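Chemist: This is the structure I want to talk about, given as structure tokens.
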Amino acid sequence: MSSAAPQGRGRIPDVVSDASGEKLARAASIGAGAPVLAFDVGGTDIKSALFDETGAALGLRRTPTPDAGDDMPARLVARIGELGDELRAQHPEVVPRAVGFVVPGIVDAEAGIAVFSSNLGWRNAPLRALAEERFGLPVSFHHDVGTASWAEHVLGGARDYANSVAIIIGTGIAGTLLVDGQPYTAGGYAGEIGHSPLGEWPCPCGARGCLEAIASAGAIARRYTEETGERVDGAKEVIARAAAGDPVADRVWNEALDALTMSIAQLTAVVAPEAVVIGGGLSRAGGALFDELRRRLADRLSFHRLPVLVPAELSGNAGILGSALRARQVVGG
């Protein structure tokens, strides 16, 4: 499959507001093609939009995800069905030909099955079939981070690299391996970079030594608070305190950097990506993150081809853009 980017790709220059007035980054155009509905489902909210023939996102907004519990798959599909109906009513001149639908957890995209999500409370849910029945349209069903990472390859930070790794560092750490421009999924089990073992510390997932438990933005803030008793405004405050000479903050931040360096070094040795694209809240640390990772990675490795470390470009819209692009694939346009 060609990994060429569609025409009309662009940056995200400004913002729009959802129905509540919350500002959302404006989605870049995905280029000309078939009109599609797209949904990016997260643990707390759903992003939805109708993409027209020019590739512009119409009605982009964020709404709450239904609570986990009994019959969650059916309730979720009913909700995105309602959102789709609203979008179509608001833009009757745009007739979608397909639907893009991405969710978190373990996803078997080929089978259309949401294998497992602890946060949303399902196992082996036939979400693609449920969505096709609700919409009466072909549905592209994929993993949210995998799709977002693929969108970064098509439209964003990884567009110059067919073989790359995307690492999203926020409350947790998610990742995707892109091989020849496509996510390597292994039935939904590949790419769990945040739960690759690097030591012996406990992780809430039940395993030991997971990268996420020491190097995610959430873990950095939590570890500092546990050691000092002082609440901080996320990892950014810990990084600022480290720069100001706070010894606990300095140690917590350096341990996170060491763990991230080790993880990227292992990926470099085994997968040899051309680039590592880093997104999520921690990526906004700028040089404090990227310059340090570049230096430490060069110090650790020898003959290996060092990957280019680049920030993600599509911000929180990568998932919805990728969902729309995937929807176009099922109708060949």
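Chemist: Of everything in the stretch 239-274, what is closer than 22 Å to residue 192 by Cα, among the acidic types (Asp, Glu) and assigned to a helix (DSSP H, G or I)? Give them in sequence order.
Modeler: 255, 258
Chemist: Could I ask something else about it? Residue check, residue 274 against (1) surrounded by fewer than 22 Cβ atoms within 10 Å (Cβ to Cβ); (2) of a type outside the set (Gly, Ala, Ser); (3) touching a residue at least 40 places away in the same chain (Cβ under 8 Å); (4) closer than 19 Å to residue 170 by Cβ, all met but one. Which one?
Modeler: (4)
Chemist: For the stretch 37-69, which residues satisfy the criterion of being closer than 20 Å to residue 151 by Cα, among the β-branched types (Val, Ile, Thr) and in a strand (DSSP E or B)?
Modeler: Hits for the stretch 37-69 are 41, 46.
Chemist: Only one residue in 218, 280 is within 16 Å of residue 166 (Cβ to Cβ), surrounded by 18 or more Cβ atoms within 10 Å (Cβ to Cβ) and not β-branched (Val, Ile, Thr), so which one is that? Outline the logic, then answer.
Modeler: Values: 218 fails: within 16 Å of residue 166 (Cβ to Cβ).
Being within 16 Å of residue 166 (Cβ to Cβ), surrounded by 18 or more Cβ atoms within 10 Å (Cβ to Cβ) and not β-branched (Val, Ile, Thr) holds for just one of 218, 280, which is 280.
Chemist: Next question, about the same structure. Is it fair to say residue 318 is closer than 25 Å to residue 62 by Cα and hydrophobic (A, V, I, L, M, F, W, C)?
Modeler: Working: closer than 25 Å to residue 62 by Cα: yes; hydrophobic (A, V, I, L, M, F, W, C): yes.
When the stated conditions are applied, residue 318 passes them.
Chemist: When the residues of the stretch 275-307 are filtered to those that are in contact with a helix residue (DSSP H, G or I) (Cβ under 9 Å, 6 or more places away or on another chain) and in a strand (DSSP E or B), which remaining residue is nearest to residue 152 (Cα to Cα)?
Modeler: Taking the candidates together, the pick is 277.
Chemist: Please enumerate the residues belonging to the stretch 26-60 that are more than 15 Å from residue 79 (Cβ to Cβ) and among the acidic types (Asp, Glu).
Modeler: Within the stretch 26-60, 52, 53 qualify.
Chemist: So which of 241, 295, 251 is buried (at least 17 other Cβ atoms within 10 Å of the Cβ) and of a type in the set (Lys, Arg)? Let's see the steps before the verdict.
Modeler: Values: 295 fails: buried (at least 17 other Cβ atoms within 10 Å of the Cβ); 251 fails: buried (at least 17 other Cβ atoms within 10 Å of the Cβ).
From the options 241, 295, 251, the qualifying one is 241.
Chemist: When the residues of the stretch 135-186 are filtered to those that are in contact (Cβ under 8 Å) with a residue 40 or more places away in the chain and at positive phi, which remaining residue is surrounded by the fewest Cβ atoms within 10 Å (Cβ to Cβ)?
Modeler: Only one residue tops the list, namely 180.
Chemist: Also, I was wondering about something else. Quick one: how many residues across the stretch 128-144 are out of contact with any strand residue (DSSP E or B) (no Cβ under 8 Å at 6 or more places or on another chain) and closer than 14 Å to residue 108 by Cβ? So that I can check it myself, show each step before the final result.
Modeler: The initial filter retains those residues of the stretch 128-144 that are out of contact with any strand residue (DSSP E or B) (no Cβ under 8 Å at 6 or more places or on another chain), namely 129-130, 133-134, 136.
Okay, now just the ones that are also closer than 14 Å to residue 108 by Cβ, so 129.
Residues flagged as out of contact with any strand residue (DSSP E or B) (no Cβ under 8 Å at 6 or more places or on another chain) and closer than 14 Å to residue 108 by Cβ within the stretch 128-144 amount to 1.
Chemist: May I ask you to verify whether residue 128 is among the basic types (Lys, Arg), crowded, with 22+ Cβ neighbours inside 10 Å and closer than 22 Å to residue 38 by Cβ?
Modeler: Values: among the basic types (Lys, Arg): yes; crowded, with 22+ Cβ neighbours inside 10 Å: yes; closer than 22 Å to residue 38 by Cβ: yes.
Answer is yes for this residue.
Chemist: What pairs come out if I take residues in the stretch 226-243 that are without any contact (Cβ under 8 Å) to a residue 40 or more places away in the chain and hydroxyl-bearing (Ser, Thr, Tyr) and pair them with residues that are surrounded by 15 or more Cβ atoms within 10 Å (Cβ to Cβ) and part of a helix (DSSP H, G or I) whose C-beta lies under 9 Å away, six or more apart or interchain?
Modeler: These pairs meet every condition: 228/248; 228/249.
FYI, it's all coordinate maths here, none of it is from the lab. Just so it is clear, the structure is predicted and the values come from calculations on it, not from any experiment. Neighbour counts run over all protein chains shown; Cβ positions are idealised from the backbone, glycine included.
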